[in-house]
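Quick note: the coordinates plus some simple rules give every number you see, no bench work behind them. Computed from a predicted structure; not experimentally measured. FYI the Cβ positions are ideal-geometry reconstructions off the backbone, even for glycines, and counts take in every protein chain you see.
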Amino acid sequence: MLVARDLVKDFLTPRGALQILKGISLDLSLGDALSIMGPSGGGKSTLLFLLGALDTPTSGSVELEGQKPFELSEKELAKFRNAKVGFVFQDHCLLPQCSVLENVLAPTLVARPGDYRPRAEKLLDQVGLGERTTHRPAELSGGEKQRVAIARALICEPRLLLCDEPTGNLDAENAEAVASLLMDLEQREKRILIAVTHSPELANRFPNRMELKSGKLESRL
Ligand SMILES: Nc1ncnc2c1ncn2[C@@H]1O[C@H](COP(=O)(O)OP(=O)(O)O)[C@@H](O)[C@H]1O
Ligand SMILES: [Mg+2]
């Protein structure tokens, strides 16, 4: 369960505080998949960062499976993020010097005993890159890199998968493949999936659709 209540985010600028999020509330359950559209600069990334506890709100709360990240100590918060949240960014953010397999395993290197290699290999199979485990990111297409980033986000079996413009840098064909993959993965394992996107093609594939406008969330048909 993900519960967000009255999230407000102000950024301080030389001309004073700028209110980007003006009270956002959300209730999502395992298995829910939500897309959020909205104008550039409207606060979509800011909202995802708050939901994933990568940034703190000016006011308001987030609760994921009974845990309130903003009330945790720094150490507990790092553990919470590592265990509960997977993040996929627009620019895959893979480590260029590491292989595909090493990139997927990277989040497990932080205080996670155990052999994650079989799961990493299985995930890479699921994203269609089972034959590319030893390649470096530079040897992959944009869509393939994004699929590695999705596998990496899922390696610790997060309850919450957050995607920030996951197809924003891809051509139509690769965007379609990544969108299908996200939907497919969502059906295999129950988690909460939230993607922000400019793309109506991606957004409309989600059963729940919202728009972030003037700092508020509204339903989209
Ligand atoms: N750290 C920050 N300091 C000041 N302003 C910021 C900061 N991060 C984002 N902003 C501003 O907040 C607004 C929303 O940004 P963002 O969440 O990235 O929008 P979106 O993802 O919808 O394009 C933008 O006007 C941006 O300039
Ligand atoms: Mg953004």
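Checking every one of the chymotrypsin sites (Phe, Trp or Tyr not before Pro) in the range 74-117 against DSSP loop status and a limit of 13 other Cβ atoms within 10 Å picks out no site at all. Taking 14 Å as the cut-off, no amide N atom of the range 36-55 comes nearer than this to a point 7 Å along the Cα-to-beta-carbon line of Lys75. Amide H contacts of Asp55 (H built 1.01 Å from N, in plane; Pro and chain starts excluded): Leu50 sit under 5 Å, all sequence-distant by 5 or more or on other chains. Where only DSSP H runs of four or more residues are counted, the chain gives -9000 deg cm²/dmol as its mean residue ellipticity at 222 nm, each run worth -39500 (n - 2.57).
Tell me, what does the Kirkwood hydrodynamic radius of the range 58-205 come to in angstroms if you use every pair of distinct C-alpha atoms?
On the way: mean 1/r = 0.0629 Å⁻¹.
Computed over Cα pairs of the range 58-205, the Kirkwood hydrodynamic radius comes out at 15.9 Å.
Simple spin-label estimate for Asp10 and Asn82 gives 3.5 nm between the two label positions (7 Å along the Cα-to-Cβ direction from each Cα). When each of Thr58, Thr46, Thr167, Thr134 is scored by the number of other beta-carbon atoms lying within 10 Å, the sequence from fewest to most is Thr134, Thr58, Thr46, Thr167. In the chain, the longest principal axis of the Cα atoms and the axis of helix 74-84 are about 60 degrees apart. Using the alpha-carbon atoms, what tilt in degrees (0 to 90, nearest 10) does helix 117-126 show relative to the longest principal axis of the chain? Taking the Cα atoms of the chain, the angle to 117-126 is about 80 degrees.
Residue by residue, the range 12-17 carries 3J(HN,Hα) couplings of 7, 10, x, 9, x, 6 Hz when phi is fed to the Karplus relation 6.51 cos²θ - 1.76 cosθ + 1.60 (θ = phi - 60°); x denotes Gly or Pro.
Work out how much length Asp125 to Glu157 would gain on full extension: take 0.36 nm times their residue separation and subtract the Cα-Cα distance, in nm to one decimal.
Value of the extension gain: 9.9 nm.
Using a cutoff of 8 angstrom between alpha carbon atoms and counting only pairs six or more residues apart, the relative contact order for the range 2-219 works out to 31 percent.
Shape summary of the range 63-135, radius of gyration then Dmax from alpha carbon positions: 14.4, 43 Å. Spatially close Lys pairs in the range 2-219, defined by Cα atoms under 16 Å apart and a spacing of eight or more places or different chains, total 13. Amide hydrogen proximity for Ser35: with H placed 1.01 Å from N in the peptide plane, the residues at 5 or more positions away or on another chain lying under 5 Å are Ala195, Asn208, Arg209, Met210.
Filter the trypsin sites (Lys or Arg not before Pro) in the range 14-68 down to the DSSP loop ones having no more than 16 other Cβ atoms within 10 Å, then list what survives. Could the numbers behind the result be given before it?
Numbers: sites: Arg15, Lys22, Lys44; in loops: Arg15.
Taking the range 14-68 and a limit of 16 other Cβ atoms within 10 Å, the loop trypsin sites (Lys or Arg not before Pro) found are Arg15.
Angle of helix 172-188 to the longest C-alpha principal axis of the chain, folded into 0 to 90 degrees and rounded to 10: 90°.
For the range 154-162, 3J(HN,Hα) computed residue by residue from phi via the Karplus equation (6.51, -1.76, 1.60; θ = phi - 60°) reads 9, 4, 8, 6, x, 6, 10, 10, 10 Hz, glycine and proline entered as x. Taking every C-alpha pair closer than 8 Å and separated by at least 6 residues, the mean separation divided by the residue count of the range 150-218 gives a relative contact order of 34 percent.
I need Glu102, Glu173 ordered by Cβ neighbour count within 10 Å, fewest first.
Details: Glu102 17, Glu173 10.
By the 10 Å Cβ count, ascending: Glu173, Glu102.
Ordered by the count of other Cβ atoms within 10 Å of each Cβ, fewest first, His92, His135 give His135, His92.
Placing a label point 7 Å from the Cα of Asn208 along the Cα-to-Cβ line, the residues of the range 18-56 whose backbone N sits under 15 Å from it are 24-37, 48, 51-52.
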